Structures are given as C-alpha cells and as structure tokens.
Amino acid sequence: MKIPAASGGNDRNARVERLRVSRAKDSEDKTRRALDAVDGLLRSGRRITVTQVAREASVSTWFVYNQPQVHQAVQDGITAQQGRGRHNSLTPETSQVSQAGLRTDLALAREEIKDLKKERDRLRNRLRLSLGAELEGVNRNELIERVQQIEQRNTALEQSLSEARDHIAALEGQLREAEDDLTAARASLRRAIRSVPPP
C-alpha cells in the first residue's frame, strides 16, 4: 500500500511566502524612515550624507546604498544642498574646524568602518548558512540571479568601505594640519610674550 506524500512542500512554501511578505514590509518601513530622514535633513539645513541618513532613520548604510529609491533621494538632497550653498547655518562652510571636531569625525568614520565590516561578515555568514539549504529547491536561472544580486551587494558594500576609508584619510590629514597650525600658533605666542619688555 502506497503512503500518501507529506505536505511538507506546502508548509515550506507558506513559510517562504510569510518570510517574503515580512521582509517586504520591513523594507517598506525602512525606506519610509530613510526618505523622511532625507526630507528632515533637507528642511533643517543639516548636511546630508549616507551615514547621517542611516543614523537618523535607524537603518544600515548598506541599506541606504542598495535601496535605489533611498540612494537617489540622498543624491538629490546632496545636489540640492550644493545648489543653494548647502544650508543656512550660522557657521560658514570655510570656518576653522576644531581639533576636537576632527577627532570626533574621525572616530565616527572608524566606527562606521567597523559596522560595515561586521555587516559584511554577517551577510557572508548568512549566505553560507542559507545557500546550501536553498540549493535543492532553486533552478539554475534563479541561482544565477541570486548570485548576481549577492555580487552587487558585495560590490556596494566594498564601495561604501572604500569611501569610509577615504574619508578617514582626509580627516587624518585635516587633523595633522590643525595640529601643525596649533603648534605654530603656540610658538608664535611664546615668542611674542618673550619680546614684551617687563613693566
């Protein structure tokens, strides 16, 4: 007597569909928060960057780079700010940046690099765990498409990491210049004090 096949396939399909719907809703929520963050930064006049938008919206920088609608909104916001002189802040663009400010920016950039590396490693680990389990039910075309998506995500993540490293290098250069200026100013002040005759 033949035993009827279990309904495991249907259960798996239902789980996959629930997961797909949940991910789509999560992506929509993140997209809305990110777009609101761009709009808020634009209206307040604060500088729009990928990192700042991610921080304001409580999403990852990877999401901002890889969600086309959000990434385009960030680029449009940056262009709009550049077109009108960025913002109406009381501090001019060319104002002297303090050493403390540079160190803070440097620390934030380093933290962003750490976060990006952790996210990259997490995604790679997730891929290793899930890819083997999914291979049986995926046809060749779907597999090729997924591999291409993964490669695109990895490329975007590497680009984000490279930009963050460039930003750190620029900040370190500015910090060195500020420290040199401070050293020169102190030496000049000492010479000026010595040259003043006693009363």
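The values are calculated or read from the model by the stated rules, or taken from the named source; none is laboratory data. Predicted model, so just to flag it, every value in this text is computed and none were measured. Reconstructed Cβ throughout: ideal geometry from the backbone, glycine too, with neighbour counts over all protein chains shown. The area values use the complete protein model at the heavy-atom level, side chains included, leaving out ligands, DNA and RNA. Shrake-Rupley method; radii C 1.70, N 1.55, O 1.52, S 1.80 Å.
Quick notes on this one:
- Selected residue (criterion: surrounded by the fewest Cβ atoms within 10 Å (Cβ to Cβ)) from residues of segment 153-179 that are closer than 30 Å to Arg122 by Cα, polar (S, T, N, Q) and in contact (Cβ under 8 Å) with a residue 24 or more places away in the chain: Gln159
- Any hit, segment 25-35, residues being open to solvent by less than 40 Å² (accessible area, probe 1.4 Å) and over 22 Å from Ser160 (Cβ atoms): no
- Failed criterion for Ser22 (all others in (1) in contact with a Leu (Cβ under 6 Å, 6 or more places away or on another chain); (2) open to solvent by 60 Å² or more (accessible area, probe 1.4 Å); (3) not aromatic (Phe, Trp, Tyr) hold): (1)
- From the list Glu151, Glu172, Glu93, the lone residue that is of a type in the set (Asp, Glu) and modelled with pLDDT under 85 is Glu93.
- Taking every residue in segment 180-191 that is in contact (Cβ under 8 Å) with a residue 60 or more places away in the chain and pairing it with any residue that is in a helix (DSSP H, G or I) and open to solvent by 90 Å² or more (accessible area, probe 1.4 Å), at least 6 positions away or on another chain, yields no pair with a Cβ-Cβ distance below 6 Å.
- Of the residues Asp76, Asp115, Asp105, the single one that is acidic (Asp, Glu) and modelled with pLDDT of 85 or more is Asp76.
- Segment 99-128 - residue that is open to solvent by 40 Å² or more (accessible area, probe 1.4 Å) and among the small types (Gly, Ala, Ser) and, of those, farthest from Leu157 (Cα to Cα): Ala100
- Residue check for Glu17: acidic (Asp, Glu), at pLDDT 85 or above, surrounded by fewer than 13 Cβ atoms within 10 Å (Cβ to Cβ) and more than 27 Å from Arg165 (Cα to Cα): no
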